[in-house]
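K.L.:
Got a structure for you, questions after.
The values are calculated or read from the model by the stated rules, or taken from the named source; none is laboratory data. Being a predicted model, the structure only gives us computed values, none of them experimental. FYI the Cβ positions are ideal-geometry reconstructions off the backbone, even for glycines, and counts take in every protein chain you see. When the accessible area is computed, the model is the full protein with side chains, heavy atoms only, and any ligands, DNA or RNA have been set aside. Shrake-Rupley method; radii C 1.70, N 1.55, O 1.52, S 1.80 Å.
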Amino acid sequence: MKKLLSIFLLSALVYSCSEKPATENISSQEGGLDRTVLPIKEPSVPKLTELDARNATAPPRFEVKAPDKAPNVVVVLIDDQGFGQPSAFGGPINEPTVEKLAANGLKYNRFHTTALCSPTRVALLTGRNHHLNNAGAIMELATAYPGNTGVRPNSVAPLAEMLRLNGYSTAAFGKYHETAPWEVSVSGPYDRWPTRSGFDKFYGFIGGETNQWAPAIYDGTVRIEAPDDPDYHFTVDMTNQAINWMKAQQSLTPDKPFYLYFATGATHAPHHAPKEWIEKYKGKFDQGWDKLREETFERQKKLGVIPMDAKLTERPKEIPAWDDQTPEQKKLFARQMEAFAGFAEHTDYEVGRLVQTLEEIGELDNTIFLYIVGDNGASAEGGPEGTYNEMMGLNGIVGKASEMMSHIDDWGSPNTFPHYAIGWAHAGNTPFQWTKQVASHFGGTRNGMVVHWPEGIKSKNEIRSQFTHATDIAPTILEAAGLPFPKSVNGTEQTPFSGTSFMFSFDDANAADRHTTQYFEMFGNRAIYHDGWVAATRHSIPWLLAETPPFSDDVWELYNVNEDFSQANDLAASNPEKLKELQDLFTEEAIKNHVLPIDDRRAERFNPAIAGRPDLMGGRKSLTVYEGMKGMMENTFINTKGVSHTITAEVELSNSNTNGVIISQAGRFGGWAVYMKGGRAYHEYNFFGLVWTKVGSPTAIGPGKHTITYEFIPDEEGKPGGGGKSILYVDGKQAAEGYIPKTQPFIYSGDEGVDVGEDGETTVSNEYEQGHNKFTGKINKVTVEIK
């Protein structure tokens with residue numbers, strides 16, 4: 001409990017703030033303290049004339065404290081889970097923690113996201129629209145245009161910084177994915193890392209996804225290896241870390257409120273879960289995705305999370321029917337969904353441990369707990385048949401069930417990096433159309449949310465249907481804490497919140513909407529909501545990387561969502577005037593929020609030169625790295641894909657039995673490595689964990705200084721994915737030659753980088769062990785050079 005959060009001292013040097021709602025222009029001048037300028041200015045200190053401290057009286061100490069009775073704040077954000085997947089919203093996946101909190105709190109059934117991860121996260125954490133955060137897409141696809149640069153402006157201070165400067169302890173655990181990729185290196189800058197974005201503590205991963213069995217973890221800004229535990233799973237680890245931090249914080253400062261941001265990597269691909277959780281769902285999805293949609297739809301009506309007159313939207317023709325699949329495909333697809341469901345329930349169980357800890361330390365009732373079940377709609381990035389290795393889909397390679405049947409029994413294990421078929425994503429977004437990335441329709445942007453706060457909400461086990469958005473989270477939390485919006489943070493005038501607090505709806509189910517206008521845009525898919533109407537146009541499809549049509553050819557749809565909950569009845573033809581009004585409003589909002597020009601490119605934008613964003617390599621043809629450098633992501637390392645290049649290592653060996661990795665990039669699901677085993681030198685290329693090509697020296701290399709060089713000569717210079725000649729040299733003499741038939745065209749990994757002197761996380765080669773592959777000789781330097 002926070003009964004002593006603000007101590008009123010007689011001196012004018014310590015002050016308090018008014019507890020009026022943030023939406024009512026909170027007065028922050030009581031006692032002279034101005035909370036609208038952060039950090040709060042320290043008062044002038046008196047000039048003392050007494051020589052002897054024993055005879056002097058010390059003035060009261062200046063200390064910033066949170067407002068009296070300010071609640072703790074916990075925001076849980078699940079990744080890639082659709083509106084129709086959790087049981088609390090009618091889905092087939094048992095998630096008792098969501099249900100428990102909803103039974104004593106509120107369900108919001110008209111909460112919206114941006115249709116993609118990074119944009120939703122910045123909107124949620126800052127209260128401003130994603131383009132105002134310069135996050136028009138994921139950070140790895142940043143461009144040169146305002147709204148898409150990937151760099152959050154100083155004028156958009158995060159909520160965490162506002163709370164920290166007002167006396168809160170702050171911490172983030174799990175996925176971040178808000179840092180520009182060229183800033184993820186030892187060279188920084190660290191301005192947009194979590195610990196420079198308002199969080200005192202960070203434990204998690206910086207990119208968009210991670211291997212749950214072998215994650216790329218940062219503790220603050222330091223890359224660390226996961227514990228060497230055969231039962232290790234990242235969701236369990238991050239929960240342990242969050243629990244330990246929360247208990248320690250309350251132990252040491254029980255009167256200081258905390259803000260905890262708990263953003264799981266789950267349920268984003270790879271769908272990794274302990275086998276016992278996957279087995280709980282065995283046989284439960286044999287009916288297929290079309291029947292599952294119908295079952296979910298009926299449960300949603302019984303629960304009241306959708307209106308009784310809502311309609312189940314039709315399956316788009318681009319999504320295959322379950323009945324058209326072969327028996328072999330159905331068997332594999334059912335297993336894909338079993339793994340996802342196990343992954344999701346396992347995640348909810350870990351959130352439950354967080355809730356249990358709050359109960360045990362007596363802080364649950366005074367914690368505003370927001371459980372947001374998805375940062376966008378369920379993901380269709382697995383393609384029509386899913387994939388055992390999601391990296392294939394991100395490289396534009398469509399998986400085939402016939403090629404994946406060998407993994408059916410270990411789907412979700414460390415031997416896979418899996419994603420399910422698009423039909424499951426569509427079913428996961430019931431009753432809406434489309435999926436993640438499709439911002440034009442609620443299948444991409446509608447997610448379930450539960451709010452639990454016993455000391456702040458009288459209503460229990462009720463549904464709220466006010467239109468809400470990710471940008472509303474920060475204003476709501478500020479109002480709950482009794483804090484005003486700061487006009488200046490760290491010397492920079494602040495851009496106002498785009499969102500509005502929805503605290504008004506806590507105890508008034510029938511309160512009128514206050515968030516009345518909201519644009520949506522992602523890869524050209526766009527929409528505008530205004531006063532119960534939506535105009536929308538679906539421009540591109542996530543799993544089709546083919547050239548998109550001109551924007552002028554887009555067909556707009558019109559929905560009255562006050563009467564048509566699921567966007568099932570297109571009124572564009574019957575009400576062209578309303579459609580034109582909303583189209584004009586979209587243009588107005590797009591200009592105001594830096595949405596224009598719209599960029600519908602996907603794969604091309606992975607190339608910094610095409611996208612127009614900074615590149616740490618800056619066109620360099622040569623890069624020299626040294627032992628101990630590790631975790632260098634693809635955006636901070638020289639790009640050798642599809643071009644002639646050499647890798648030259650200068651090493652010193654103490655014997656003829658040297659072992660370990662000299663240099664490696666990525667890991668088990670695609671990458672390359674130069675290593676030694678039994679004194680022999682090798683280069684190995686791993687094509688998506690499907691084909692390994694290895695060349696090695698015929699004899700062991702003796703003690704002393706040596707130069708080991710690898711050369712790749714492509715069949716066609718600069719062709720993405722092409723094969724080529726693979727040659728290994730020892731001390732200038734050719735030692736081996738081979739041929740790599742195919743290479744990965746665009747990306748090796750979303751989280752595993754380049755390591756010198758070891759191969760961290762998962763291993764490129766099966767010839768050495770994970771966690772036990774450090775080079776036993778000495779590496780003087782390694783030079784990678786593009787010819």
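K.L.:
Can you sort K47, K733 by solvent-accessible area, 1.4 Å probe, largest first?
P.N.:
K47, K733
K.L.:
From the Cα gyration tensor of the stretch 560-713, with a ≥ b ≥ c the square roots of its eigenvalues, which class applies: rounded if a/c is under 1.5, or else prolate if a/b is larger than b/c, or else oblate?
P.N.:
Prolate shape, in that a/c is at least 1.5 and a/b is the bigger ratio.
K.L.:
So how much accessible area does K487 have, in Å² to the nearest 10, using a 1.4 Å probe?
P.N.:
Approximately 120 Å² for this residue.
K.L.:
At each listed q (0.15 Å⁻¹), what is the log10 of I(q)/I(0) that the Debye formula gives for the stretch 666-736 modelled as equal alpha-carbon point scatterers?
P.N.:
Evaluating at q = 0.15 Å⁻¹ gives log10 I(q)/I(0) of -0.54.
K.L.:
Arrange the residues S87, S197 by how much accessible surface each exposes, largest first, with a 1.4 angstrom probe.
P.N.:
The most accessible residue leads, giving S87, S197.
K.L.:
Do the sum for the chain: with -39,500 (n - 2.57) for every DSSP H run of n ≥ 4, divided by all residues, what is the mean residue ellipticity at 222 nm, to the nearest 500 deg cm²/dmol?
P.N.:
Result for the chain: -5500 deg cm²/dmol, rounded to the nearest 500.
K.L.:
Also, I was wondering about something else. Would you please put 210-218, 577-585, 628-636 in order of how densely packed they are, using the mean number of other Cβ atoms within 10 angstrom per residue and starting with the highest?
P.N.:
For the peptides 210-218, 577-585, 628-636, the packing ranking is 210-218, 628-636, 577-585.
K.L.:
Could I ask something else about it? Which of the peptides 432-444, 311-323 is most tightly packed, and how do the rest follow, judged by the mean count of other Cβ atoms within 10 Å per residue?
P.N.:
Ranked from most to least packed, the peptides come out as 432-444, 311-323.
K.L.:
Based on the mean of other beta carbon atoms within 10 Å per residue, what is the order of 222-231, 270-279, 518-527, most packed first?
P.N.:
For the peptides 222-231, 270-279, 518-527, the packing ranking is 518-527, 270-279, 222-231.
K.L.:
Another question about this same structure. Using the charge dipole of the stretch 327-389 (Lys, Arg: +1 at Cβ; Asp, Glu: -1 at Cβ; taken about the Cα centre), state which of V351, V373, P327 has its Cα farthest towards the positive end.
P.N.:
P327
K.L.:
Follow-up question, since we're still on this one. For the stretch 58-112, state which trypsin sites (Lys or Arg not before Pro) are in a DSSP loop and have at most 15 other beta carbons lying within 10 Å of their beta carbon.
P.N.:
R61
K.L.:
Same structure again: Can you send over the solvent-accessible area of F199, 1.4 Å probe, protein chains only, in Å² to the nearest 10?
P.N.:
My reading of the accessible area for F199 is about 10 Å².
K.L.:
May I ask for the distance between the Cα centers of the stretch 320-343 and the stretch 688-707, given as a whole number of Å?
P.N.:
41
K.L.:
What whole number of Å gives the distance from the Cα centroid of the stretch 191-270 to the Cα centroid of the stretch 576-604?
P.N.:
The stretch 576-604 and the stretch 191-270 have Cα centres spaced 37 Å from each other.
K.L.:
So what is the relative contact order for the stretch 687-787, in percent, with contacts set as C-alpha pairs under 8 Å and at least six apart?
P.N.:
Reported as a whole number, the value is 20 percent.
K.L.:
If you don't mind, there's one more thing I want to ask. Report the relative contact order of the chain, percent, no decimals, based on alpha-carbon pairs under 8 angstrom and at least 6 residues apart.
P.N.:
Once normalised by length, the contact order is 16 percent.
K.L.:
Once you sort the root eigenvalues of the Cα gyration tensor of the stretch 128-284 as a ≥ b ≥ c, which label holds: rounded (a/c under 1.5), prolate (a/b larger than b/c) or oblate (the other case)?
P.N.:
Here the stretch 128-284 falls in the oblate category.
K.L.:
Another question about this same structure. Between the stretch 494-530 and the stretch 118-143, what is the C-alpha centre distance in whole Å?
P.N.:
16
K.L.:
Can you sort V64, V661 by 1.4 Å-probe accessible area, starting with the largest?
P.N.:
The ordering from most to least exposed comes out as V64, V661.
K.L.:
Need one word for the chain: rounded, prolate or oblate. Basis is the Cα gyration tensor (sqrt eigenvalues a ≥ b ≥ c); a/c below 1.5 gives rounded, then a/b vs b/c decides.
P.N.:
Note, shape of the chain comes out oblate.
K.L.:
Here is a follow-up. Any idea what % of Cα-Cα pairs in the stretch 199-290 are farther than 22 Å?
P.N.:
Pairs farther apart than 22 Å: 41 percent.
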